[in-house]
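Heads up, the thing below is written out as structure tokens.
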Amino acid sequence: MKEKLLLLIKIQECDSELVKLSAKKKTLPAEIEKLNKAFDAFEEGIRTNKVKYDELKSRHADCDNKIKKINESIVKTKERMLEVKNNKEYQAMLKEIETAETSRGEIESSIISILDEVDKLSVLVKKDDEILRERKNQYEQEKKAIENELNAVDSDVVAWEQKRNELKQNIPDDLIARYEKIKKRNKGIGVTSVWKAVCNGCHMNIPPQLYNEVQRSEELFSCPNCNRIIYFQDMGKPA
């Protein structure tokens, strides 16, 4: 294959890689953001049992405080009964103690129910924590891989641009100008292969005579449909 065409093919390879890198520069941050949102949503969902568990623990503490206050109130009432001078006041205090003890019994029943639910939730919370740790580890690995890929983009761009500039120095200005013009009109592809009389750029058939010339001639030919510079490539051979 002629030297100029080989250089153009390599230039095209550089340009194609630079287009991919430019796309990565835009899409990779979006992938990280998507990954962050997915993990945040997962974490929020799996924390449901932990939220319920914490709420029940708080209710348990509140109930304990209420019982403590009721017990203190009963003690004070019993102390006041020692100073009572008539039966009416004495009966009123007995009623006060009875009401307090009834309230305490109701709260204690609530505590038993709360503790039962806490025991059940503690098992679920433990399982959730294990799942969350595994998912967080996976999330951090995936995020790190994307970040590493993103960090490598700039250095890759420099390398491909340097390679492109070196290749460009060996190609005539008029040929480069022709390539750039064609590439601009054809979605970044100025050079493409043909196989079995089909242009791999526009996927249209080219005339049989042109196909034969492309295979054996040293001239540069263009696809009559998309105007891309074309070259023969035997797609039947293993790479």
Positive-end residue of Tyr179, Ile111, Thr48, charge dipole of the chain with Cβ unit charges: Tyr179
26 Å Cα-Cα threshold exceeded, pairs from Lys34/Lys163; Lys144/Lys187; Lys68/Lys88; Lys10/Lys184; Lys20/Lys181; Lys37/Lys120: Lys34/Lys163; Lys144/Lys187; Lys68/Lys88; Lys37/Lys120
Counting C-alpha atoms alone, how compact is segment 25-89: give Rg to one decimal and Dmax as a whole number, in angstrom. 27.5, 90
Heavy-atom accessible area ranking, 1.4 Å probe, most first, across Asp62, Asp234, Asp128: Asp62, Asp234, Asp128
Ignoring ligands, DNA and RNA, what percent of the 1.4 Å accessible area of the chain is carbon and sulfur? 51 percent
Going by accessible area, probe 1.4 Å, with all protein chains left in place, what is the ranking of Thr48, Thr192, largest first? Thr48, Thr192
For a quick check of understanding: with a 1.4 angstrom probe and all protein chains in place, what accessible area in square angstrom does Ile112 have, to the nearest ten? 120 Å²
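Once you sort the root eigenvalues of the Cα gyration tensor of segment 51-121 as a ≥ b ≥ c, which label holds: rounded (a/c under 1.5), prolate (a/b larger than b/c) or oblate (the other case)?
prolate
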Under a 10 Å cutoff between Cα atoms, tell me which one of Leu21, Leu150, Leu115 has the largest fluctuation in the Gaussian network model of the chain. Leu115
Antiparallel DSSP beta bridges within the chain, as percent of all bridges there, nearest 5: 55 percent
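More than 27 angstrom separation, counting every C-alpha pair in the chain; what % is that?
Details: 18851 of 28441 pairs.
Looking at the chain, the distances longer than 27 Å represent 66 percent of pairs.
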Size of electric dipole in the chain: Cβ of Lys, Arg +1 and of Asp, Glu -1, about Cα centre, debye, nearest 20: 740 debye
With each pseudo-label sitting 7 Å past Cα toward Cβ, what's the Glu33-Asn148 distance in nm, one decimal? 2.5 nm
Here the percent of antiparallel bridges among DSSP beta bridges lying wholly in segment 169-239, to the nearest 5, is 55 percent
Over segment 126-239, with the other protein chains present, what is the accessible area per residue in square angstrom, probe 1.4 angstrom? 67 Å²
Using alpha carbons only, what's the Rg to Rh ratio of segment 98-239 with Rh from Kirkwood? 1.56
Before rounding to the nearest 500, sum -39500 (n - 2.57) across all DSSP H runs of length at least 4 in the chain and divide by the residue total; then give [θ] at 222 nm in deg cm²/dmol. -28000 deg cm²/dmol
Starting from the Cα gyration tensor of segment 1-113, take the square roots of the eigenvalues, sort them a ≥ b ≥ c, and report rounded, prolate or oblate (rounded when a/c is under 1.5, otherwise prolate if a/b is larger than b/c, else oblate). prolate
Nothing charged except the Cβ atoms of Lys and Arg (+1) and of Asp and Glu (-1): what's the magnitude of the dipole of segment 1-134 about its Cα centre? Round to the nearest 20 debye. 480 debye
Could you report segment 39-123's accessible area per residue, 1.4 Å probe, as an integer in Å²? 72 Å²
What trypsin sites (Lys or Arg not before Pro) in segment 171-226 are in a loop by DSSP, with at most 11 other Cβ atoms within 10 Å of the Cβ? Lys187, Lys196
Just read off the accessible area of Asp173 with the full protein assembly in place, 1.4 Å probe, to the nearest 10 Å². 130 Å²
I'd like the distance separating the alpha-carbon centroids of segment 94-153 and segment 180-210, in whole Å. 62 Å
Just read off the accessible area of Val19 with the full protein assembly in place, 1.4 Å probe, to the nearest 10 Å². 90 Å²
Can you return the aspartates and glutamates within cross-link range of Lys4? Criterion is Cα-Cα under 16 Å, with same-chain partners fewer than 8 residues away left out. Glu13, Glu166, Asp173, Asp174, Glu180, Glu218, Glu219
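The values are calculated or read from the model by the stated rules, or taken from the named source; none is laboratory data. Keep in mind the model is a prediction, meaning the values are calculated, not measured. Backbone-built Cβ (ideal geometry, glycine too); neighbour counts: all protein chains shown. Surface areas here come from the heavy atoms of the whole protein model, side chains and all, with no ligands, DNA or RNA. Shrake-Rupley method; radii C 1.70, N 1.55, O 1.52, S 1.80 Å.
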